[in-house]
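The values are calculated or read from the model by the stated rules, or taken from the named source; none is laboratory data. Worth saying up front: this structure is predicted, and the values here are computed from it rather than measured. Heads up, the Cβs are rebuilt from the backbone with ideal geometry, glycines too, and the neighbour counts pull from every protein chain shown.
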Amino acid sequence: MTMHRICALNDLADGAAAKFEVGKHIVAVVRIGDQVYAIGNRCSHADVALADGDVDCDTKQLSCIRHGSAFSLETGVPSTLPATQPVPVFVAEVRGADVFVSDQPTMHAASPDPRVKRAQP
Ligand code: FES
């Protein structure tokens with residue numbers, strides 16, 4: 001996993017999302033104050049850009065603009081339907097005046113949804 005500088009912190013509007021290409025991934029990056037978060041840009045319900053959605057700074061969630069599912073910026077897990085699967089989460093850091101994001105997710109949409117109990121093999 002490599003961290004990539006994507007922009008200056010001041011290039012990100014507070015409480016809003018922006019789309020960046022990091023390695024082979026398209027990532028929605030959100031700034032809340034001096035914190036930054038990065039999740040996969042594609043909604044897990046349909047092919048819609050999460051960076052076009054609204055940020056809830058209090059709950060640290062990004063809502064899909066099409067049907068309103070709200071995804072945690074920390075876990076990628078949606079808290080509201082219709083989406084049921086998480087989106088990938090990337091490491092995002094502020095280093096000095098710059099923002100860095102990992103080119104590999106820490107959690108991926110293919111990972112089991114932690115809310116779903118699975119049968120043991
Ligand atoms: S396309 Fe995102 S919730 Fe439906």
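Residue-by-condition table, conditions (1) touching an Asp or Glu at 6+ places or on another chain (Cβ under 8 Å); (2) free of Cβ contacts under 8 Å to residues at least 12 places away in the same chain:
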position: ASP52; (1), (2): no, no
position: ASP58; (1), (2): no, yes
position: GLN61; (1), (2): no, no
position: ILE65; (1), (2): yes, no
position: SER72; (1), (2): no, no
position: THR75; (1), (2): no, no
position: ALA83; (1), (2): no, no
position: PRO88; (1), (2): no, no
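Per the listing PRO82, PRO78, the residue uniquely surrounded by fewer than 16 Cβ atoms within 10 Å (Cβ to Cβ), within 16 Å of the ligand (Cβ to nearest atom) and at pLDDT 95 or above is PRO82. Cβ separations smaller than 8 Å between residues 6+ apart or across chains give the following pairs from the stretch 10-24 residues that are in contact (Cβ under 8 Å) with a residue 40 or more places away in the chain and of a type in the set (Lys, Arg) to residues that are surrounded by fewer than 19 Cβ atoms within 10 Å (Cβ to Cβ) and assigned to a strand (DSSP E or B): LYS24/ASP103.
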